[in-house]
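The values are calculated or read from the model by the stated rules, or taken from the named source; none is laboratory data. This is a predicted model, so every value here is computed, not measured. As a convention, Cβ positions derive from the backbone with ideal geometry for all residues, glycine included, and neighbour counts pool all protein chains shown.
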């Protein structure tokens, strides 16, 4: 035992020497208690984090509130393994589907209240009444529904509390004082919990959020330019418990208006030969790393409605078994238009799109009771979705008085042979498509723990999945002077795929304070399709499934009477048929293709140190090396050093995957102090560091230097539930975009220009917040 304690303290010393020494000192004086047990649902059952053989970071609702994290897109500053990319896509351990096509599932899965979400748009609401957010690293699809080959973000909201009348309200005001318009934000949230009967309760959540745009448009369209984002929503939850039976129902409706941070784009670099240079200069706009102004003269808007119903039935048998069934229906409808050149070019570039999506899922699980020899769970899963999408690109080109004449003949009257117009085109340049995508997935799964000794546990699990995906595309139905979407026609294809994913592991509980584990497993992400440009040799219609194989080892430990927690994991994941998106210069379109192989390897460290009754330190860090082992068909970019003037593709083998920072770290200190018998004060400070990152593949122009941001908040709380605090996020105003890329419109004209997209974390935010729990 003495040698074990020495080993653990030695392992911790380099990372947390000062807090440990202080904790040891206070322990001797009997001044502080250790950390409470941290409970997680990482394996679909409630377990102590220190006993779960999975790399997971858990954030409670109070953690999010303390740092004023209100959106899923802001979460990366608290979870080092997680990165956010273009169009609200996510990556874990440098792997994620940086794809904005709605015909490909994400590699990082999302689940809310036990329901797997087929599209990220279903999780677009601000956080409200959150119990916990778990970031699970590595393949998680065995137990969590569908398509989690890189990882999972598992969100749980608070359940109704029976026989209790309670609630809370909160308000937040923030000022982003270094944006061109001194953007502000307002958020109001409310929750009420009401008993309905002696064994049932109702819980209602409501929220309203208004966030001014990070960027300024100095040349707005007179018809509609909605850059600000307004969000509202309501969620109703009902819980009934009667002995062994539990019924839990949830219904919600949400509405979002405005393009917000998703399309807060400006020019970072502009090709010196592009006519946009003069247009920006005329409006006093200077492209650069801190440019937050554009002069887009086209319509910009995005309207999204989401909602759904779900029901959970749980029955606990006398022998300890639990039968759980969760059925859910969810939907979203979106209507958007982007002005894709983000400038006042005389040619009008519009990108209108709509999407009507709905999904139904049902999962039946049987949880077996823990015996002396084993425990486990088995289940059946069904998922069905349909997405009806329209999309078009419309470039009007020459001025209307020129475009109406021969040879363009855009919206012309047919007047005979040249110099008249023998035909009439709808648009100068562009494409259009109407797509229906249907997905059906069936699965049977199970995972068991076998207690070989009182300290050694073996784990075995498997999941058999049958995916059926069908895409029906009707494209190029309009008449164009220049069509860039392939031939006119209707194209239909179906893909069926059966997969066996699995996991084997061993867990050794050395003593009450030290657990070690090792596991090997295979994850799966189903097939999909490219959305348009069908019958184009440069673009494959179907995209094959993605397979990941992971070896992971780790330890979870506590020392000094639970005052210090130290968790470590190391991993190596190999991806076959990795689904990647890039801009194809020949087709002048974004395409999705299967990269041959990718390897992601690294380590994750988590430290919690209770230095005293008043002071706590938190440190989470991730070291990562994520590279393409073989990718010979990466699309060339204008700045690529690997491409010749006539090359469309290059060999990206050996280059880093997008969003793969070699080192990411979050360090937080939390201090609490009694002010009076009924009031205590608090101070929170944190620093986030991320090393260089590339938003593209081997592209110097899309590489971003390392960033360091500082957050601080301070306030007080009374014993009557009133909490008031001021906060400063990104206090030093480290301006950084959430994505960068070559501008498609400029590429279409043969110019190499870079746009950048700004997010809520991209600039300094000063604010005041208050909440009252009653």
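List the pairs whose first member sits in the range 752-770 and is on the phi < 0 side of the Ramachandran plot and surrounded by fewer than 20 Cβ atoms within 10 Å (Cβ to Cβ), whose second member is in a strand (DSSP E or B) and at pLDDT below 95, and whose Cβ atoms are under 7 Å apart, counting only residues at least 6 apart or on separate chains?
752/742
Are any residues in the range 677-700 over 28 Å from residue 651 (Cβ atoms) and touching a helix residue (DSSP H, G or I) at 6+ places or on another chain (Cβ under 6 Å), and if so, which ones?
684, 688
Please enumerate the residues belonging to the range 407-426 that are surrounded by 15 or more Cβ atoms within 10 Å (Cβ to Cβ) and in contact (Cβ under 8 Å) with a residue 60 or more places away in the chain.
Once the filter is applied, which keeps residues that are surrounded by 15 or more Cβ atoms within 10 Å (Cβ to Cβ) and in contact (Cβ under 8 Å) with a residue 60 or more places away in the chain, the range 407-426 yields 408, 409, 410.
Please list, ordered by residue number, the strands (runs of 3 or more DSSP E) wholly in the range 183-302 having 1 or more residues that are buried (at least 23 other Cβ atoms within 10 Å of the Cβ) and at pLDDT below 95.
Hits in the range 183-302: 265-269.
Does at least one position in the range 635-655 carry a residue that is under 24 Å from the mean Cα position of the chain (by Cα) and crowded, with 22+ Cβ neighbours inside 10 Å?
Checked against the condition, which is being under 24 Å from the mean Cα position of the chain (by Cα) and crowded, with 22+ Cβ neighbours inside 10 Å, the range 635-655 yields no hits at all.
So which residues in the range 303-322 are part of a strand (DSSP E or B) and closer than 23 Å to residue 382 by Cβ?
Once the filter is applied, which keeps residues that are part of a strand (DSSP E or B) and closer than 23 Å to residue 382 by Cβ, the range 303-322 yields 306, 307, 308, 309, 310, 311, 312, 313, 314, 315, 322.
Give the range 754-774 a look and list any residue that's closer than 22 Å to residue 269 by Cα and assigned to a strand (DSSP E or B), or say none.
754, 755, 756, 757
Within the range 76-93, track down each residue that is under 30 Å from residue 449 (Cβ atoms) and buried (at least 24 other Cβ atoms within 10 Å of the Cβ).
80, 81, 82, 90, 92, 93
So residue 325 fits all but one of (1) out of contact with any helix residue (DSSP H, G or I) (no Cβ under 8 Å at 6 or more places or on another chain); (2) in a loop (DSSP other than H, G, I, E, B); (3) free of Cβ contacts under 8 Å to residues at least 60 places away in the same chain; what number is the exception?
(2)
Yes or no: residue 429 touching a strand residue (DSSP E or B) at 6+ places or on another chain (Cβ under 9 Å) and buried (at least 19 other Cβ atoms within 10 Å of the Cβ)?
yes
So which residues in the range 695-709 are crowded, with 16+ Cβ neighbours inside 10 Å and either at pLDDT 95 or above or over 21 Å from the mean Cα position of the chain (by Cα) (or both), if there are any at all?
Answer for the range 695-709, where residues must be crowded, with 16+ Cβ neighbours inside 10 Å and either at pLDDT 95 or above or over 21 Å from the mean Cα position of the chain (by Cα) (or both): 698, 699, 701, 704, 707, 709.
For residue 443, state whether it is in contact (Cβ under 8 Å) with a residue 12 or more places away in the chain and farther than 28 Å from residue 356 by Cα.
no
Looking at (1) in contact with a strand residue (DSSP E or B) (Cβ under 8 Å, 6 or more places away or on another chain); (2) in contact (Cβ under 8 Å) with a residue 24 or more places away in the chain; (3) within 30 Å of residue 634 (Cβ to Cβ), which is the one condition that is false for residue 703?
(2)
Condition test on residue 394, is it at pLDDT below 95 and either closer than 30 Å to residue 323 by Cβ or touching a helix residue (DSSP H, G or I) at 6+ places or on another chain (Cβ under 9 Å) (or both)?
Here the answer is no, as residue 394 does not meet what is asked.
Within the range 328-370, restricting attention to residues that are under 29 Å from residue 429 (Cβ atoms), in contact with a helix residue (DSSP H, G or I) (Cβ under 7 Å, 6 or more places away or on another chain) and not in a loop (DSSP other than H, G, I, E, B), which residue is modelled with the lowest pLDDT?
349
Tally the residues that are farther than 30 Å from residue 510 by Cβ and in a loop (DSSP other than H, G, I, E, B), restricting the search to the range 412-454.
Of the residues in that region, 14 qualify.
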